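K.L.:
So that we are looking at the same thing, I have put the structure below in structure tokens.
Where a number appears in this text, it was derived from the coordinates with a stated rule and is not lab data. Because the structure is predicted, anything quoted here is derived from the model rather than measured. Cβ coordinates were reconstructed from backbone atoms using ideal geometry, including for glycine residues, and neighbour counts include every protein chain displayed.
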Amino acid sequence: MTVMGRIKTRLGKVMLSLALFVAILVLVSGCGKPKVPRVGVLSGLDYIIAVNEGFQEKMTELGYVDGENVIYDVQQTDFNFEEYENILGKFVADKVDLVFCYPTEAALMAKEIVGGQIPVVFSFVNIEGNDLINSIREPGGNITGVRYPGPDIAAKRFEIMHELFPEAKRFWVPYQKGAPVEFQFEVINPVAQAAGVTLIESPAVDGAELEAILQAWDSTGDLGFDAVMFLAEPLTVMPDAFAAIKKYAMKHDKPIGGALVIDGDYGTVFGANVDPFISGKEGAVLADKVLKGSEAGKIPVTSSEIYLQINYKMAQQLGAIMSEGLLSQADEIIR
């Protein structure tokens, strides 16, 4: 081999070694920067938007900083099934590392659309009367979350409504048509029967349908009911639906109870619910476990505690019988 040939050979080896060295440096530097997880958040009901606020606050407490070691893609809509589908489809296309969602309908759709490809953590979600999870201990399907204790809340709401207004014998119970409320009725029907209270069910698709029901009662001269009791479902806390109920209740001095909603000078007498902020924080604890490698479907579902709010001013205005025992149970009293 000529001198020039040997020089070319050595130069080639040097260049190859240099290329390998650069490649190793790139690989090592890449290993030093762990992948930043992306979390898709489907905030599906404005009434409980505090779920997301609690979720992100707790994630921060757990060491996650948005833009540094986690990236949130927060998508907000107000009980719109078409938007749920679009948002979840986007999360799948973007290959997020985790989906955090609420309320119940959003979680059910997440299970269907995400299909186990991405871990799902839910909060403020009913698990009774649907196939969202296999069991509380082992939910399966790459999904876990925080249970909304719907049947327990329904029982508590009836108990309080009956205590506040013992003379009321007809409770109007409006709710979202198609919502999984069967388990709630299974709990409160026998209790209502024993108390001599008739439950008047009105499933409806929106506030306009509820308004039509109320107008029909008005036109006959029969007010239809003595009190309104909200179940644990989304329709009655939607602005248009509550506006229709409030208008009728104000006109006829009928109490409303169940979830706390205050609109101007009129509102519900009490709310027996879950604190959405706390529910979101509880969801963050589960999300942290998933992001650290635990399989979502093997993390047991947790359950939120009931949070009782008393609108004392409204209760007095409507002549409610307010005992010291009930007031002592309240987590919050609005005077």
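K.L.:
Using +1 at the C-beta of Lys and Arg and -1 at the C-beta of Asp and Glu, which of LEU291, GLY258, PHE79 has the Cα lying farthest in the positive direction of the dipole of the chain?
P.N.:
Toward the positive end, the furthest listed residue is LEU291.
K.L.:
Looking at VAL269, PRO234, PRO203, which one has the Cα that reaches farthest to the positive end of the dipole of the chain (charges on Cβ: Lys, Arg +1; Asp, Glu -1)?
P.N.:
PRO234
K.L.:
Among DSSP beta bridges whose residues both lie in the chain, state the antiparallel percentage, nearest 5.
P.N.:
On the way: 6 of 42 bridges.
Looking only at bridges with both residues in the chain, the antiparallel portion is about 15 percent.
K.L.:
Can you bin the stretch 47-117 into rounded, prolate or oblate? Criterion: square roots of the alpha carbon gyration tensor eigenvalues sorted a ≥ b ≥ c, rounded for a/c under 1.5, prolate for a/b above b/c, oblate for the rest. Walk me through the intermediate numbers first.
P.N.:
Values: a/c = 2.13, a/b = 1.37, b/c = 1.55.
Judged from the Cα gyration tensor, the stretch 47-117 comes out oblate (a/c at least 1.5, b/c at or above a/b).
K.L.:
Using the Cα centre as the reference, give the magnitude of the dipole from point charges on the C-beta atoms of the chain (Lys, Arg: +1; Asp, Glu: -1; all else neutral), rounded to the nearest 20 debye.
P.N.:
The dipole of the chain has a size of about 2280 debye.
K.L.:
Comparing GLY129, GLY319, GLY264, which has the greatest mean-square fluctuation in the GNM of the chain with Cα pairs linked when under 10 Å apart?
P.N.:
GLY264
K.L.:
In addition: If neighbour count is taken as other Cβ atoms inside 10 Å, put ILE160, ILE213 in order from fewest to most.
P.N.:
With the fewest neighbours first, ILE160, ILE213 line up as ILE213, ILE160.
K.L.:
Same structure, new question: In nanometres, what is the gap between the two model label sites at SER323 and LYS95, each 7 Å from Cα along Cα-to-Cβ?
P.N.:
In this crude label model, SER323 to LYS95 measures out at 6.0 nm.
K.L.:
At a 10 Å Cβ-Cβ cut-off, how would you order SER219, SER43, SER294, SER323, fewest neighbours first?
P.N.:
Fewest-to-most ranking of SER219, SER43, SER294, SER323: SER219, SER323, SER294, SER43.
K.L.:
Rounded to the nearest 500, what is the 222 nm mean residue ellipticity of the chain from helices alone, with -39500 (n - 2.57) per DSSP H run of 4+ residues and division by all residues? Kindly include the intermediate steps, with their values, before the conclusion.
P.N.:
Details: 11 runs with 151 residues, N = 335.
Only helices count here, giving -14500 deg cm²/dmol.
K.L.:
VAL181: net charge of surrounding residues, Cβ under 13 Å, Lys/Arg +1, Asp/Glu -1, itself excluded?
P.N.:
-4
K.L.:
As I understand it, the dipole of the stretch 94-232 uses +1 on the Cβ of Lys and Arg and -1 on the Cβ of Asp and Glu, about the Cα centre. Which of PHE122, GLY224, MET161 lies farthest toward its positive end?
P.N.:
PHE122
K.L.:
Of all GluC sites (Glu not before Pro) in the stretch 145-231, which ones are in loop regions per DSSP and have a Cβ with at most 12 other Cβ atoms within 10 Å?
P.N.:
Of the GluC sites (Glu not before Pro), the ones in loops of the stretch 145-231 whose Cβ has at most 12 other Cβ atoms within 10 Å are GLU167.
K.L.:
If you don't mind, there's one more thing I want to ask. Can you check what the net charge comes to around MET109, using other residues whose Cβ is under 11 Å from the Cβ of MET109 (Lys, Arg +1; Asp, Glu -1)?
P.N.:
On the way: positive: LYS111; negative: GLU82, GLU83, GLU85, GLU105, GLU112.
Within the 11 Å Cβ shell, the charges total -4.
K.L.:
For LYS58, go through the aspartates and glutamates and keep the ones whose alpha-carbon is under 13 Å away, minus same-chain ones fewer than eight residues off.
P.N.:
Reachable aspartates and glutamates: ASP66, GLU282, ASP288.
K.L.:
Need the C-alpha centroid separation for the stretch 225-267 versus the stretch 309-334, integer Å.
P.N.:
17 Å
K.L.:
Another question about this same structure. Quick check on the stretch 195-335: of the DSSP beta bridges with both residues there, what percent are antiparallel, nearest 5%?
P.N.:
Within the stretch 195-335, antiparallel bridges account for around 50 percent of the total.
K.L.:
Another question, if that's okay. What is the total of Lys pairs in the stretch 190-335 with C-alpha atoms under 27 Å apart, excluding same-chain pairs fewer than 8 positions apart?
P.N.:
Pairs that pass both the separation and distance tests number 9.
K.L.:
Report the local net charge at ALA155: Lys and Arg +1, Asp and Glu -1, summed over other residues whose C-beta lies under 13 Å from its C-beta. Let's see the in-between values first.
P.N.:
Values: positive: LYS156, ARG157; negative: GLU128, ASP152, GLU159, GLU163, GLU186.
Taking every other residue near ALA155 into account, the sum is -3.
K.L.:
Is the shape of the stretch 180-283 rounded, prolate or oblate, going by the alpha carbon gyration tensor and its root eigenvalues a ≥ b ≥ c, with a/c under 1.5 for rounded and a/b larger than b/c for prolate?
P.N.:
Numbers: a/c = 1.75, a/b = 1.25, b/c = 1.40.
Oblate.
K.L.:
With r defined as the distance between the Cβ atoms of ILE49 and ILE200 and R0 fixed at 25 Å, what FRET efficiency is calculated, to the nearest 0.05?
P.N.:
0.20
K.L.:
Based on Cβ point charges of +1 for Lys and Arg and -1 for Asp and Glu, what charge dipole magnitude is obtained for the stretch 181-335 about its Cα centre, in debye rounded to the nearest 20?
P.N.:
With only Lys, Arg, Asp and Glu charged at Cβ, the dipole is about 380 debye.
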